[in-house]
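A.B. asks: Can you keep this structure in mind? I'll have questions shortly.
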Amino acid sequence: MKVAKKASLNFKRYAPIFFTSLNALMGILVIYLMILDGGNGKKIYLPLMIIFAGICDCLDGRLARKFNADTLFGKELDSLADAISFSLAPVSLLINNLLEYTGLLGLVAAITYPLAGIYRLARF
């Protein structure tokens with residue numbers, strides 16, 4: 001009986017970090033798979049992976065509050081994961097797929113977007 005309770009406590013403690021890590025992993029994979037593709041094809045699953053990262057981001061916060069498992073480490077990890085998944089990964093897709101059509105204005109937007117996202121995350 002004590003083993004089951006201890007496993008339950010560990011799940012409650014690490015579930016938010018698991019979903020935060022999954023969020024970061026999705027962002028990293030989007031960038032990696034986009035680079036690996038070399039811009040040859042438009043892969044529809046890459047934006048879907050960013051959406052999945054958003055779902056994981058919602059879950060990690062809810063689980064941390066529900067299980068009272070919010071930590072300073074978790075907050076910092078969440079900010080870094082969000083910076084990857086919601087700033088760097090989307091702008092990487094934009095640069096890869098649309099920059100040739102947008103010119104200088106697209107380049108300025110592509111640089112400004114992740115900076116704004118990172119500054120916003122730093123405030124929280």
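The values are calculated or read from the model by the stated rules, or taken from the named source; none is laboratory data. As the structure is a computational prediction, the values presented were derived from the model and not from experiment. Ideal geometry is used to build each Cβ from the backbone, glycine not excepted, and the neighbour counts take in all protein chains shown. Areas reflect the complete protein model, heavy atoms only, side chains present, ligands, DNA and RNA absent. Shrake-Rupley method; radii C 1.70, N 1.55, O 1.52, S 1.80 Å.
A.B. asks: Starting from segment 12-35, take each residue that is assigned to a helix (DSSP H, G or I) and list its partners that are open to solvent by 50 Å² or more (accessible area, probe 1.4 Å) and aliphatic (A, V, I, L, M), counting only C-beta distances under 6 angstrom and pairs at least six apart or across chains.
C.D. replies: Taking only residues 6 or more apart or on different chains, the pairs are Phe19/Leu59.
A.B. asks: Continuing with this model, one more query. Quick check on my filter: what residues within segment 26-57 are under 13 Å from Phe86 (Cα atoms) and open to solvent by 80 Å² or more (accessible area, probe 1.4 Å)?
C.D. replies: Ile28, Leu48, Ile51, Phe52, Ile55, listed by residue number.
A.B. asks: Which numbered condition trips up Thr20, out of (1) modelled with pLDDT of 95 or more; (2) loosely packed, with under 12 Cβ neighbours inside 10 Å?
C.D. replies: Just one mismatch for Thr20, condition (2).
A.B. asks: Also: Here is a check on your reading of the model: is Leu105 open to solvent by 50 Å² or more (accessible area, probe 1.4 Å), farther than 30 Å from Phe11 by Cα and among the hydrophobic types (A, V, I, L, M, F, W, C)?
C.D. replies: yes
A.B. asks: Quick check on segment 91-100. Is at least one of its residues farther than 13 Å from Thr20 by Cα, open to solvent by less than 30 Å² (accessible area, probe 1.4 Å) and not polar (S, T, N, Q)?
C.D. replies: Residues of segment 91-100 that are farther than 13 Å from Thr20 by Cα, as a first pass: 91-100.
If we keep only those that are open to solvent by less than 30 Å² (accessible area, probe 1.4 Å) too, we end up with 91-93.
Among the residues that remain, those that are also not polar (S, T, N, Q) are: 91, 93.
The answer is yes, given that some residue of segment 91-100 is farther than 13 Å from Thr20 by Cα, open to solvent by less than 30 Å² (accessible area, probe 1.4 Å) and not polar (S, T, N, Q).
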